[in-house]
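**Student:** Have a look at this one before I ask anything.
Nothing in this text is a laboratory measurement; each read-out follows from the coordinates by a stated rule. For clarity, every value in this text was computed on a predicted model and none was experimentally measured. Ideal geometry is used to build each Cβ from the backbone, glycine not excepted, and the neighbour counts take in all protein chains shown.
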Amino acid sequence: MSEYITKPIPGQKPKIGHVERPWGQFKQYAFNEDCTVSLMEVKPGMRLSLQSHTGRAELWIVLDAGAQIQVGDEIKQCKPWEEIWIPANERHRLSCVGQQSCRVLEVAFGNWQQADITRYEDDFERTTQGE
């Protein structure tokens, strides 16, 4: 067991609540759950490292056009509001293939630590482990 697994990590995408209201609707991605939420923005032509994490699984919610997401060996052009589940230990990468920056909302389940990143490819020659 990895030293980075200190909180429960779901094996599959958690249930997303959907609530209707007279004014519209909303979704609840982590209802009363222990999680970390990050808003990632990637500049045109740029990409994150191809990476994995032992201590967390991630749900990515695409907010803008131009997001290309790799999970495992599958690479997909994503549309706004698409939801991508990334299990713990799965290789993944976000790239911006559009003319403007793209944003992805990340809801991470488990223990969010920069130290648990393993990089397989990196455009910026950063170390294979950690920050």
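**Student:** At Ala65 and Gln25, where each label point lies 7 Å from the Cα along Cα→Cβ, what is the point-to-point distance in nanometres?
**Tutor:** 2.3
**Student:** May I pose another question? With a ≥ b ≥ c the root eigenvalues of the C-alpha gyration tensor of the range 35-121, is it rounded (a/c under 1.5), prolate (a/b larger than b/c) or oblate? Before the final figure, lay out each step's value.
**Tutor:** Numbers: a/c = 1.74, a/b = 1.46, b/c = 1.19.
Prolate.
**Student:** Distance cut-off 27 Å, Cα to Cα: go down the list Lys7/Lys76; Lys15/Lys79; Lys13/Lys76; Lys7/Lys43 and report the pairs above it. Display every interim value, and only then the final one.
**Tutor:** Values: Lys7/Lys76 30 Å; Lys15/Lys79 21 Å; Lys13/Lys76 18 Å; Lys7/Lys43 32 Å.
Over 27 Å Cα-Cα: Lys7/Lys76; Lys7/Lys43.
**Student:** Can you work out the FRET efficiency for the pair Arg91 and His18, with r the C-beta to C-beta distance and R0 = 22 Å, to the nearest 0.05?
**Tutor:** On the way: r = 30 Å, r/R0 = 1.38.
Given R0 = 22 Å and the Cβ-Cβ separation, E is 0.15.
**Student:** Right, another one. Using the per-residue mean of other Cβ atoms lying within 10 Å as a proxy for protection, in what order, highest first, do the peptides 81-94, 49-62 fall? It would help to have the intermediate numbers written out before the result.
**Tutor:** Working: 81-94: 17.3, 49-62: 20.8.
The peptides rank, most packed first, as 49-62, 81-94.
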